[in-house]
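Report on one structure; see the data block that follows.
Please treat every number below as a calculation from the coordinates, not as lab data. Everything numeric in this text was worked out from a predicted model, so none of it was measured. Glycine also receives a Cβ, built like all others from the backbone with ideal geometry; neighbour counts cover every protein chain displayed.
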Amino acid sequence: MKKLIAILLTAGLLAAPMVASAGGRGGYSGRGGHYGHGGYGVGGFFAGLLGGAILGTVLSHAYEPVYAPAPRVYYAPPPEQVWVPGRYETRYERQWVPGHWEVERFSGHGEDEDDGYSRGRRVWIPGRYEEVRTRVWLPGHWEERG
């Protein structure tokens, strides 16, 4: 209903200057006809400007906005919790073995000794890392799967 009233009001404002100039009183008559080539004058210009603004406003708001419903939210199911029992695990760890002295013995060939070893010498063995196998207990715990 508002739209119809606005259109009729705009049409009335646009028609008012034409009715006023139909009597022949508007415009300047002198050598060559009417001044302004149509006789509407400044009032007609402003009436058309106002009518155009009203009509443009009405036509631009012709439809009420329609909002789409909000999208559905998907919630993933919670992950399943599973009990993992405790167990032993074999691991290899680096362990430092410090340097030390060792006695290196070698057999005396041709000599008559009881133990078979006649000579020996002390040798320095430098420190080093060795890979040592150990068993480690891993306690039971809950894990999330999924």
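Each residue, residue 5 and residue 102, gets one label point 7 Å from its Cα in the Cβ direction; the gap between the two is 11.1 nm.
Charge tally around residue 123: other residues with Cβ under 12 Å, Lys/Arg +1 each, Asp/Glu -1 each, net +1. Here the extension length gained between residue 88 and residue 63 equals 1.7 nm, from 0.36 nm per residue of separation less the Cα-Cα distance. Taking a Cβ cut-off of under 11 Å around residue 101, the surrounding Lys, Arg, Asp and Glu residues balance to a net charge of 0, with basic ones at +1 and acidic ones at -1.
Counted residue by residue at 0.36 nm each, then reduced by the alpha carbon distance between them, the extension gain from residue 125 to residue 138 reaches 1.1 nm.
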